[in-house]
Amino acid sequence: MSDAVLHPEYITDAEGHRKSVVLPLEEYEALMEDLADLAIVAERRSEPVHSHQAVKAELERDGYLPD
């Protein structure tokens, strides 16, 4: 969704001030998915980082990848 363009429709009061936004359902669902992904990233921020090589070596050692 990060590269997508949103197509909001604004609901305004009698003076023309924006009060609410309506989005197409697909755009809303994509935003909610992005929000959930960001929450997971925030929760996992303090977890240790493993290099690609280390993960690959572990998978090969455990028989999940061919040598």
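Here is how the numbers come out for the structure above:
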{"read-out": "Magnitude of the charge dipole, the chain, Cβ model with Lys/Arg +1 and Asp/Glu -1, debye to 20", "value": "240 debye"}
{"read-out": "At R0 = 25 Å, FRET efficiency that the Cβ-Cβ distance of Asp3 and Glu43 yields, to 0.05", "value": "0.55"}
{"read-out": "Gain upon complete extension [Glu58, Lys19; 0.36 nm per residue less C-alpha separation]", "value": "8.7 nm"}
{"read-out": "The chain - Kirkwood radius from inverse mean 1/r over Cα pairs (Å)", "value": "16.2 Å"}
{"read-out": "Net length gained if the chain between Tyr10 and Ala36 were fully extended (0.36 nm per residue, minus Cα distance)", "value": "6.9 nm"}
{"read-out": "Per-residue ³J(HN,Hα) for segment 29-38, Karplus 6.51 cos²θ - 1.76 cosθ + 1.60, θ = phi - 60°, Hz, x for Gly and Pro", "value": "5, 5, 5, 5, 5, 4, 4, 5, 4, 5"}
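Computed from the coordinates by the stated procedures, all read-outs in this text should not be read as laboratory data. Worth saying up front: this structure is predicted, and the values here are computed from it rather than measured. Note: ideal-geometry Cβ built from the backbone for every residue, glycine included; neighbour counts use all protein chains shown.
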